[in-house]
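Comments concern the structure below.
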Amino acid sequence: MNNKKDSYQTGVCNIGDREVVIRQKLLLFAFASTVFFTVLVHFFNTSLLYAVLAFATLSTVITILEIKTRFCILFGVFSLYNFKEPGNLDDVTDRMCKKKDRIKALQYFISSVVITLPYVFIIWFFTR
């Protein structure tokens with residue numbers, strides 16, 4: 001049986017260590033953006049800023065989820081995986097594997113939205 005950390009597993013794992021490192025760096029930017037826009041909406045209460053806050057928060061939540069689970073949502077949607085150097089993507093060819101990956105990607109996206117929306121609502125509620 002394959003180790004979760006070093007090989008593709010349908011609907012479970014589609015990124016290796018190097019891809020995780022990229023997401024860890026992205027997480028710093030996404031989290032800083034979320035904090036920045038959370039503070040900014042307290043001073044400039046506009047619909048556009050709430051939309052940007054929602055996007056930043058969603059990006060943060062997705063990135064955390066991808067790091068923890070080692071499953072990239074976009075790779076899942078486009079039937080890809082990578083355990084080599086960044087940019088060296090491999091295709092998932094089995095039809096059932098593609099379906100499982102897309103279902104997992106949808107589940108993770110919905111979970112991320114379910115976490116993001118209450119956060120943005122709470123910020124909106126206390127800044128209106």
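Within segment 54-93, the set of residues being touching a residue at least 24 places away in the same chain (Cβ under 8 Å) and of a type in the set (D, E, K, R) comprises GLU66, ARG70, LYS84, GLU85, ASP90. Inside segment 89-106, can you point out the residues that are assigned to a helix (DSSP H, G or I) and open to solvent by 60 Å² or more (accessible area, probe 1.4 Å)? Answer for segment 89-106, where residues must be assigned to a helix (DSSP H, G or I) and open to solvent by 60 Å² or more (accessible area, probe 1.4 Å): ARG95, MET96, LYS98, LYS99, LYS100, ARG102, ILE103, LEU106.
I'm trying to understand the selection: among the residues of segment 48-88, which are out of contact with any helix residue (DSSP H, G or I) (no Cβ under 7 Å at 6 or more places or on another chain), aliphatic (A, V, I, L, M) and open to solvent by 40 Å² or more (accessible area, probe 1.4 Å)? Before you say what the answer is, go through the steps one by one.
Of segment 48-88, the ones out of contact with any helix residue (DSSP H, G or I) (no Cβ under 7 Å at 6 or more places or on another chain) are 48, 51, 55, 68-69, 74-75, 78, 80, 83-84, 87-88.
With the extra rule that they be aliphatic (A, V, I, L, M), the set shrinks to 48, 51, 74, 80.
Scanning segment 48-88 gives LEU48, ALA51, LEU74.
Annotation note: of PHE55, PHE37, the sole residue that is hydrophobic (A, V, I, L, M, F, W, C), modelled with pLDDT of 95 or more and farther than 15 Å from THR127 by Cα is PHE55. Here PHE71 fulfils each of the conditions (1) touching a Phe, Trp or Tyr at 6+ places or on another chain (Cβ under 9 Å); (2) not in a loop (DSSP other than H, G, I, E, B) apart from (2). Considering only segment 107-128, state which residues are open to solvent by less than 40 Å² (accessible area, probe 1.4 Å) and more than 15 Å from the chain's Cα centre (by Cα). Passing the criteria: VAL120, ILE123, THR127.
Among the residues of segment 10-47, those that are surrounded by fewer than 17 Cβ atoms within 10 Å (Cβ to Cβ), more than 18 Å from the chain's Cα centre (by Cα) and not in a loop (DSSP other than H, G, I, E, B) comprise PHE36, VAL39, LEU40, HIS42, PHE43, SER47.
The values are calculated or read from the model by the stated rules, or taken from the named source; none is laboratory data. Bear in mind the structure is a predicted one, so any value in this text is a computation, not a measurement. Please note: Cβ atoms are built from the backbone with ideal geometry, for glycine as well, and neighbour counts cover all protein chains shown. Note: accessible area is taken over every heavy atom of the protein model, side chains too, but ligands, DNA and RNA are not part of it. Shrake-Rupley method; radii C 1.70, N 1.55, O 1.52, S 1.80 Å.
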